[in-house]
Amino acid sequence: MIIKTSPFHIFLIFILLSCENEKSKGVFFGGQIINPSSNYVSLYKGNISIDTLNLNKDYKFIKKYDTISDGIYELEHMPEHQTILLENGDSIWARINASSFDESIYFSGKGSSKNNFLIESMLNEKNDDKYLSTKYSTNSIDFNLIIDSLIMKHKNSWIKMDSLNELSKIAQKITQASYIYPYATKRERYALLRGTNWSKKEDSVFFDYRKYLNYGDNDLAFFNPYINYTLNYINEKSLDSGQLYFNEKSLTKFNIKRLKMIDKLISGDLLRNNLARAIAFEEILNFDNHNNHNEFLEIYSAINTSKNYISEVLEMHSDITKMGYGKRLPRIQLYNTNGQITNSSQILNGKPTVFYFWSQTQMNHYRRTIRRIEELKEEFPKYRFVGICIQPYTDMVSQAQNILNLDLSNQFSFNDFESSSKDWVLTFLNKTIIVDEKVKIIDGFSNLFTNDIEEILSSN
C-alpha cells in the first residue's frame, strides 16, 4: 500500500525534527482549523497582535519564528482564543475544531505537553465549577478543605506531567499557575459572597493561602487565571466593613477604590497596568456610569503608566459616547447572504430596527437567540429584527439558516469584524442595538436576554 504524503506534510515532518535538539533555532508553530470561522488565526503577546497567519486551502497554517520571547501567547480564531506557552526550541502543531473550540484543541510535537496541560487545567476547572456551585453556602473551614482536595488532585497530575517532560523554570511556573490560581479565585469569590463581617480568627485562617501567592509576577501579567485571581483579590480588599461586593461592583466610586488598591498592593508595571486596564474596561463599558467616567479616567490616567493603554481606553470612551441615545448609528460595511457588500444604512427600510449578533462557532447560542427573537417579533411587530454574524458566511451558516427557516433578507455578516465591533462597541454576543426609523440610537447597549429590552421596546 502506497501512502501519499503532501509537500505540506513533508515540510511539517522536517520542521518537527529540525529543532528537536537545537534550542537556538526559534519556534515552529502551525496547525489546522476544522470548520473555520475565518481564513486566518492571530497570535498575540501582551495584548498586542504580533502576527496573522493565513489558512491555506486545507485550513492549515504554519510559521517559523527565528527567535521569540519565551512565555505566554494568545492564539485567536475569532471569536475564540486560547492561551499557549511558546519557548525557543518548540515545534508545535495545533488541531482545533472551531465548532467546539475549547473541547477540541490538541497539541502535538515538541512543547505540546505543557500546552495540553493548560487545556486540561481549563476544562477540569469548568467541570469542578459545576460541583462547587452548591458548596458556597458551606462554612469557611469545610469550603477550604474542598478546595484543598481539588488542588491536590491537579497537583498530582502536574507532578506526573513535569516528571515526564523536563519543563523549563518558566514552563513550570505557568503550568503550576494554571491550576493554583483558578482555585485561589474560588476562595476569593467565596469571601466576596460572604461579605466583610468575619471574625478576626476566621478571617486569618481562611485567608492563610494568600501568603503563598505572588502579587507582582510579571511573567503571569497576561495569564488569564492569574489576572482573574488578582482582580478578585483586589475586589475583596477594596470593600469597607459591612459592604457587600454585589451592591458595590457597578459603582464608579468602587472602581476608583479598586484602582487605588492596585496602586497600593500590586508591584510590577506590566501587571499593574494590565489590571488597571481591565477595571477601566469594566467601568467604561458600563454606560449607566457614563456621567462619572471623566472622574474615573482622571485617576486611571494617573495610575496607569502605559500610554497605549490610556489611549485605548480614551478611544473606547469616545466610541461609547458615539453610541449614546439620539446619536446617529455609525455606518459599517456588511455582507448579505448572497455575498454582496452593503452597509448598515442601506439595509434599513424606514422602520425601527433591533440589531442582534451571533457567531457561527456558537450555534447553540444562535438557536437560542433565534427563539428569543421570535418571541420579541410577536410582541413588538413594529420593529424589524436584523441578525448579524460576526464572521463571513460559510456553507455551515447557510445550512443552519435554512433549517431554522429564517428570512434571509434580515440576515447579514460583518465585512470587517475589528473595525465594525469597534464602531458599534460590540463586546458580547448578547448585545442588541435599537434604532428608530431615522437611524437614531434608542439604546446602544441593551441585552437580548434581559427584561430590560422589552421595557425599551415598549416605551418607544
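What the table shows:
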{"read-out": "Stokes-Einstein translational diffusion, the stretch 53-122 - Kirkwood Rh over all Cα pairs, 1.002 mPa s, 20 °C, in µm²/s", "value": "167"}
{"read-out": "For the chain, with +1 on Lys and Arg beta carbons and -1 on Asp and Glu, the positive-most of 161, 123, 147 along the dipole", "value": "161"}
{"read-out": "Backbone N under 16 Å from the residue 52 label point (7 Å along Cα→Cβ), restricted to the stretch 316-354", "value": "333"}
{"read-out": "R0 of 22 Å, Cβ-Cβ distance residue 438-residue 459: FRET efficiency to nearest 0.05", "value": "0.80"}
{"read-out": "Magnitude of the charge dipole, the stretch 159-297, Cβ model with Lys/Arg +1 and Asp/Glu -1, debye to 20", "value": "320"}
{"read-out": "Counting DSSP beta bridges with both ends in the stretch 333-458, the antiparallel % (nearest 5)", "value": "60"}
{"read-out": "Contact order relative to length of the stretch 55-190, as percent, for alpha carbon pairs under 8 angstrom and 6 or more apart", "value": "18"}
{"read-out": "Fewest-first ranking of 425, 439, using other Cβ atoms within 10 Å as the exposure measure", "value": "439, 425"}
{"read-out": "Top positive-direction residue, dipole computed over the chain with Cβ charges, set 204, 342, 403", "value": "204"}
{"read-out": "Residue order, fewest to most beta carbons within 10 Å, for 158, 424", "value": "158, 424"}
{"read-out": "Efficiency of FRET from Cβ geometry, residue 399 and residue 340, R₀ 22 Å, rounded to 0.05", "value": "0.65"}
{"read-out": "Gained length - residue 35 relative to residue 251, 0.36 nm times residue gap less alpha-carbon distance", "value": "73.6 nm"}
{"read-out": "Label-to-label distance, nm, for residues given as residue 106 and residue 365 (7 Å Cα→Cβ offset)", "value": "2.6"}
{"read-out": "Among beta bridges that DSSP assigns inside the chain, antiparallel share in %, nearest 5", "value": "70"}
{"read-out": "For 152, 122, order by how many other beta-carbon atoms lie within 10 Å, fewest first", "value": "152, 122"}
{"read-out": "Shape parameters for the stretch 114-322, alpha-carbon atoms, Rg then Dmax in Å", "value": "18.4, 56"}
{"read-out": "Low-density loop positions, trypsin sites (Lys or Arg not before Pro), the stretch 382-449 - DSSP coil, at most 15 other Cβ in 10 Å", "value": "382, 438"}
{"read-out": "FRET E, pair residue 305, residue 331, Förster distance 51 Å, beta-carbon r, rounded to 0.05", "value": "0.90"}
{"read-out": "Positive dipole terminus of the stretch 333-458, leading residue within 413, 433, 369 (C-beta point charges)", "value": "413"}
{"read-out": "Proximal lysines to residue 422, defined as alpha-carbon separation beneath 17 angstrom and excluding residues fewer than eight positions away on the same chain", "value": "322, 327, 431"}
{"read-out": "Charged-residue dipole, Cβ positions (Lys, Arg, Asp, Glu), the chain about Cα centre, Debye nearest 20", "value": "220"}
{"read-out": "Neighbour cut-off at most 16 other Cβ (10 Å), DSSP loop, trypsin sites (Lys or Arg not before Pro), the stretch 123-204", "value": "135"}
{"read-out": "Cβ-placed point charges (K, R +1; D, E -1), dipole of the stretch 238-352 about Cα centre in debye, nearest 20", "value": "280"}
{"read-out": "In the stretch 272-368, the chymotrypsin sites (Phe, Trp or Tyr not before Pro) that fall in loop regions by DSSP, at most 15 other Cβ within 10 Å", "value": "325"}
{"read-out": "Answer label, with semi-axes √(5λ) of the Cα gyration tensor in Å calculated from the coordinates and candidates (1) 35, 25, 20; (2) 37, 34, 21; (3) 39, 26, 21", "value": "(2)"}
{"read-out": "Cα gyration tensor shape for the stretch 333-458, rounded if a/c is under 1.5, else prolate or oblate", "value": "rounded"}
{"read-out": "Isotropically averaged projected area of the stretch 72-218, using the convex hull of Cα atoms (one quarter of hull area), nm²", "value": "10.3"}
{"read-out": "Cα centroid of the stretch 360-410 to Cα centroid of the stretch 248-290, whole Å", "value": "36"}
{"read-out": "The chain: relative contact order as a whole-number percent, Cα under 8 Å and 6+ apart", "value": "11"}
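Quick note: the coordinates plus some simple rules give every number you see, no bench work behind them. Predicted model only: the values in this text are computed from it and were never measured. Using ideal geometry, Cβ is built from the backbone for each residue, glycine included, and neighbour counts are taken over all protein chains shown.
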